[in-house]
Amino acid sequence: MKFSYVAEIFNRVEQESARTSITVILAELFSKADAHEASVIAYFSLGSLKPPYLGAQFNLAEKSLINIIAQLLNVAVDIVKKELKLVGDLGSIVAQYSWGIESSVLSLVDVERSLQQVLLMSGTGSQDIREQAVLKLLQALDPVSAKYVLRIIEGNLRLGFSDMTLLDAFSWMQTGDKSLRADLEQSYNVSADIGLIIGTLKTDGVAGIRAMAITPGIPIRPSAAERLPDAAAIIKKLGTCVAQPKLDGFRLQVHLDNRSQEKIVRFFSRNLLDMSAMFPDLIASLHELQVDQLIVEGEAICIDPQTGNFLPFQETVKRKRKHNIAQVAEDFPLKLYLFDVLFLDGQSLLTKTHEERRSIMLQLCANKALQEHGIIKVIDEHVMHDAETLYNYFEETVTMGLEGLVVKRPDAVYQPGKRNFNWIKLKREETGSLDDTLDCVVLGYYAGQGKRAQFGIGALLVGVYHPGNDEFQTVAKIGTGFTDAEWREVKITCDALKVMHQPHNVVCKKELYPDVWVDPSVVCMIRADEITLSPSHTAHATTEKLGYALRFPRFMGYRPDKSATAATTSLEVQSLYHLQFEKKSKK
């Protein structure tokens, strides 16, 4: 398959706004590809060369890419910079030019191989070699193909869909409708590699998809908790339950494979990125676990070395850096509190009850050497029979400075990739009627006025995710909670993701159109006084019902551990809207 054909299909998708049409176009593309090509297309369409858990950092800064494009087009660097401000991304610049190639003869696999070679370049002088390799590749491509290769290098194809739309396209390719979607999603939940999913479907058919199982080294999509307003509502919903402290740390999925001489330990974030380099101080303790293979979940949280108290999330997230890791580990020591075990020595534990999984986890962590390290612990858990006992324990955890509790059904199996009432969050109350922060996605920004004119930005448009439609819906316009430095920082962040037109997967009414649209990928924490009905915002709106909006929203920080599709959903916003009235009536 020629890469130019793939690029033309991507171009069609970019112009299409109807999700069903996008699904059908993609299904046709995948039907014409062999198994390997289909895997590559799946990765490419999400702006990557590999699945997220393997990572694919080309280490080419925007400055380097601008220099490459200037050489490709034989124009001055200043001209490229000027056009970048006008059109929004480097790929769109090259698509406007011509350098003598109308349709590239390079195959999809040729392009993949060339990008793999660029990815592997390292050592002295590698930056110049890398730039020349990319330039040579672009010179062999037509403008449309070059556009998407540049976007793959930048890590953002800007096509307006997520992995969920790809699953629909895979089903449509195989059956002509979405009837296979549930099987595909189940396999994707336990083996979160979109290229592996389509490759298996192409090679082994539906039977192969249904036979897919957990593989250490490939992350499992994490389970998530629902919300209820208070202890009484939780007891009414669950009956006898168990409660664990809710830590404001970094949720990790830890994979161990001790079968070879070189023991492997990998850490994945909740959005399935490999964070292994962040936690070198945990590895020695994990090696004390007497297992061949293991997948556990836990919360890594930084500890104040002076007081021994837990530090807030924004301190823990400082671990997410590439340099001076050893020094950061010393300045911000942490502990890992395990709360679940999903896989042990070749056996999936997902269908075992919470009670059974916890018993296995306690046995694993009972060895003396692990306890002497004191870095890895099993999180506390208490059985709750009534609302009063649950509320008292909740108050105790809040007094300790924690967020609250996660309450769980003792007989619940682990359901990867699902949010349901097997787990329920009970978080501390703040002022106003809305008790919890929301994880919102930045969709665009408005030009600054008055004092903020100097920043070039005065407010953000943020939204929430609608999984069923694979789209983002607006929920707030935010102009408070930022320091001057944060305004400058968020402007830089947004400009790097600027798009010239409203993304196809963003639903926004015209009266709220921002001055600058942003590709939906940055997640931030927002606190508000309450949720209200809104004729302007589109969060969970229908033709018959108003949408939801946040009243007095404030920016509280970023959530780099979350992907845009793991943000708060529109259904959650609807649930929170009703929960706040239950709380008011009880008061």
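Where a number appears in this text, it was derived from the coordinates with a stated rule and is not lab data. Since the structure is predicted, the reported quantities are computational estimates derived from the model, not experimental observations. Ideal geometry is used to build each Cβ from the backbone, glycine not excepted, and the neighbour counts take in all protein chains shown.
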Can you check what the Kirkwood hydrodynamic radius comes to for the range 438-586, Cα pairs only, in Å to one decimal? 15.3 Å
Sorted by chain and number, the residues with a modelled amide H under 5 Å from that of LYS246, at a separation of 5 or more or across chains, are GLU403, GLY404, LEU405, VAL406
Just the Cα atoms of the range 1-92: what Rg and Dmax do they give in Å? 16.1, 43
Here are some values of Kirkwood radius over Cα pairs in Å: (i) 25.5; (ii) 26.6; (iii) 27.4. Which one was computed from this structure? (i)
What is the magnitude of the charge dipole of the chain about its Cα centre, with +1 placed on the Cβ of each Lys and Arg, -1 on the Cβ of each Asp and Glu, and no other charges, expressed in debye to the nearest 20? 760 debye
State which entries of LYS335/LYS408; LYS81/LYS562; LYS2/LYS491; LYS50/LYS178; LYS427/LYS491 exceed 29 angstrom in Cα-Cα distance in the structure shown. LYS81/LYS562; LYS2/LYS491; LYS427/LYS491
Would you list, by chain and number, the aspartates and glutamates whose Cα falls below 13 Å from the Cα of LYS377, excluding same-chain residues fewer than 8 positions away? GLU288, GLU297, GLU299, ASP340
Starting from the Cα of LYS63, draw a straight line to each of the aspartates and glutamates and keep only those under 13 Å, dropping any in the same chain fewer than 8 residues away. ASP78, ASP89, ASP128, GLU131, GLU154
Estimated distance in nm for a label pair at VAL77 and LYS63, the labels positioned 7 Å out from Cα along Cα-to-Cβ: 0.8 nm
For TYR548, TYR445, order by how many other beta-carbon atoms lie within 10 Å, fewest first: TYR548, TYR445
Among ALA277, ASN258, PRO229 - extreme Cα towards positive end, dipole of the range 187-302, charges at beta-carbon: PRO229
Taking the highest mean first, how do the peptides 243-253, 411-421 order by number of other beta carbon atoms within 10 angstrom per residue? 243-253, 411-421
As an exercise, find the ratio Rg/Rh for the range 84-152 from alpha-carbon atoms, using the Kirkwood inverse-distance average for Rh. 0.99
Would you work out the charge dipole size for the range 224-427 about its Cα centre, treating the Cβ of every Lys and Arg as +1 and the Cβ of every Asp and Glu as -1, and quote it to the nearest 20 debye? 700 debye
